[in-house]
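Asks: Structure in structure tokens, see below.
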Amino acid sequence: MVTSPELDRGGILRESATAARHLARICFKTGPPTHTGVELEWTVHDAADPARPVDVARLRTALGRHCPVTLDHTSPATPLGHGGTVTLEPGGQLEISTLPRPSVAALIRATEAEIAEVTALLTVAGLVLGRSGIDPHRRPRPVLETPRYRAMRGAFDQRGPAGRTMMYSTAGLQICLDAGDVGQVASRWAAAHAIGPPLLAAFASADRHAGRRTGWASARMAAWLDIDPPRTRPVWSPRRADEDPTDAWVRYVLAAPLLCLRRHGPDWTPPPGVTFADWLDGALPRPPTTDDLDYHVSTLFPPVRPRGYLELRYLDAQPGRDWVLPLAVLAALFADPGTVRAAYSIGAPVAHRWSAAARRGLADPAVAAAAAALLDLALTALPGLDLPAALHDEVQRGVRRRLATAERGAR
């Protein structure tokens, strides 16, 4: 195998214990939980005809100096006005990744400004951002091609069409929370998973795809659950609730098959079925490096992913300003250890119901009851976020609307 120094950065790994120590250093950064971040994805549409395909050239022109290098390798990829970055997913979905902020209000203000900045660029090009977690108008089609994306498509195609749906048609909302102090990590990790199904249901926005109803409240999550379980299933489960978070993550990472193997040229297809643990055991011509391990981690997509902080990946993209609502709900639920414990207690009985929440949403009575209790708890904790009065009232009204829907589903 021909490799380059760029692909060989980092120390060589020759045993699983060394890999485990490396993962342990980077997966959960402990300290007081003070920062919150958000990553927003949208499908992108022609303003006059949302079913019309949007090509690479049009996106490149619209984004200008903010264009990611995956779309134009000559782009300066200039950050947005408040430090956030623009990236594109393989179906042309646009993502803004904000800088984390110690204040939820400051995070919302900065994110609003960056959304407005991108929206203005798209408007000039006759483009608009989508309003749901899956493309309601178009069938899946590739827009951005890279060796990584070709390898992903090849791997996912072996299981069926869900991979292409996920890659080319879905858009999510990711909330990023600090892992917390050493004594808080396990409880925050468990709560982040346990409340996933009810909050997925409460904020599901992906029931229509390619011009038809899908039969799922969140067809976006349905695609994720179907593509490749060793890299998309939850790391934590009620059956192993007491497992140390770092141990669980190490086991998950090493057992996952390689999705792509970086090399010169356009073909990054790995040998079939080779896990990272296999690579450590000598399955490939050269030993892996810490850089290879870090890259492998970037190809794992569980509903909650530890990246030093906790990246909660289970929410659908929201219409308009509604992204503020789940951000505020999660920030409120995780603002205090007591609220974290209460949220876990509410979510634990339905923590395994990912598929039911994705399919039925708040039509599932058990999931709806948990969602209602979590939203009520969040409303109680909301004053602790110290939001400006107008923003507090806006969030409160929006969450109460979701609460009323959840309460109807729970009856």
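Asks: Would you mind listing the helices (runs of 4 or more DSSP H) fully within region 202-295 where at least 2 residues are touching a Gly at 6+ places or on another chain (Cβ under 9 Å)?
Replies: 219-227
Asks: Is it the case that some residue within region 300-313 is β-branched (V, I, T) and over 24 Å from the mean Cα position of the chain (by Cα)?
Replies: At the first step, the residues of region 300-313 found to be β-branched (V, I, T) are 304.
Adding the requirement that they be over 24 Å from the mean Cα position of the chain (by Cα) leaves none.
No: region 300-313 contains no residue that is β-branched (V, I, T) and over 24 Å from the mean Cα position of the chain (by Cα).
Asks: Spot the failing condition for A358; the list is (1) touching a Gly at 6+ places or on another chain (Cβ under 7 Å); (2) assigned to a helix (DSSP H, G or I), and only one is missed.
Replies: It is condition (1) that A358 fails.
Asks: Regarding region 70-78, can at least one residue be identified that is under 28 Å from R138 (Cα atoms), among the hydroxyl-bearing types (S, T, Y) and out of contact with any helix residue (DSSP H, G or I) (no Cβ under 6 Å at 6 or more places or on another chain)?
Replies: yes
Asks: Considering only residues that are at pLDDT 95 or above and not in a helix (DSSP H, G or I), which ones fall in region 364-411?
Replies: The answer is D364, D386, L387, P388.
Asks: Restricting to region 64-111, and then to whatever is basic (K, R) and surrounded by fewer than 19 Cβ atoms within 10 Å (Cβ to Cβ), can you tell me which residue is farthest from G384 (Cα to Cα)? Please lay out each step first, then the result.
Replies: To start, the set of residues in region 64-111 that are basic (K, R) comprises 65, 101, 109.
From what is left, the residues that are surrounded by fewer than 19 Cβ atoms within 10 Å (Cβ to Cβ) are 65, 109.
Working: R65: 39, R109: 18 Å.
It comes out as R65.
Asks: I would also like to ask the following. Which condition breaks for R60 when tested against (1) more than 27 Å from R263 (Cα to Cα); (2) at pLDDT 95 or above; (3) surrounded by fewer than 17 Cβ atoms within 10 Å (Cβ to Cβ)?
Replies: It is condition (1) that R60 fails.
Asks: Of everything in region 257-311 that's within 26 Å of S97 (Cβ to Cβ) and among the acidic types (D, E), which residue is surrounded by the fewest Cβ atoms within 10 Å (Cβ to Cβ)?
Replies: The selected residue is D294.
Asks: Looking at E95, E117, E145, E112, which one is assigned to a strand (DSSP E or B), charged (D, E, K, R) and either assigned by TED's automatic domain parsing to the domain that holds A223 or touching a residue at least 40 places away in the same chain (Cβ under 8 Å) (or both)?
Replies: Numbers: E117 fails: assigned to a strand (DSSP E or B); E145 fails: assigned to a strand (DSSP E or B); E112 fails: assigned to a strand (DSSP E or B).
Sole residue among the options that is assigned to a strand (DSSP E or B), charged (D, E, K, R) and either assigned by TED's automatic domain parsing to the domain that holds A223 or touching a residue at least 40 places away in the same chain (Cβ under 8 Å) (or both): E95.
Asks: Could you tell me which of the residues D316, D322 is of a type in the set (D, E), touching a helix residue (DSSP H, G or I) at 6+ places or on another chain (Cβ under 6 Å) and assigned by TED's automatic domain parsing to the domain that holds P136?
Replies: Numbers: D322 fails: touching a helix residue (DSSP H, G or I) at 6+ places or on another chain (Cβ under 6 Å).
Exactly one of D316, D322 is of a type in the set (D, E), touching a helix residue (DSSP H, G or I) at 6+ places or on another chain (Cβ under 6 Å) and assigned by TED's automatic domain parsing to the domain that holds P136, namely D316.
Asks: If you don't mind, another one. Out of everything in region 196-220 that is touching a Leu at 6+ places or on another chain (Cβ under 6 Å) and of a type in the set (A, V, I, L, M, F, W, C), what residue ends up being nearest to Y252 (Cα to Cα)?
Replies: That would be A201.
Condition check ((1) more than 18 Å from A248 (Cα to Cα); (2) assigned to a helix (DSSP H, G or I); (3) in contact with a strand residue (DSSP E or B) (Cβ under 7 Å, 6 or more places away or on another chain)) across all residues:
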site: T299; (1), (2), (3): no, no, no
site: E311; (1), (2), (3): no, no, yes
site: Y314; (1), (2), (3): yes, no, no
site: R321; (1), (2), (3): yes, yes, no
site: P326; (1), (2), (3): yes, yes, yes
site: A331; (1), (2), (3): yes, yes, yes
site: T339; (1), (2), (3): yes, yes, no
site: A343; (1), (2), (3): yes, yes, no
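The values are calculated or read from the model by the stated rules, or taken from the named source; none is laboratory data. Being a predicted model, the structure only gives us computed values, none of them experimental. No Cβ is skipped: glycine too gets one built from the backbone with ideal geometry, and neighbour counts run over all protein chains shown.
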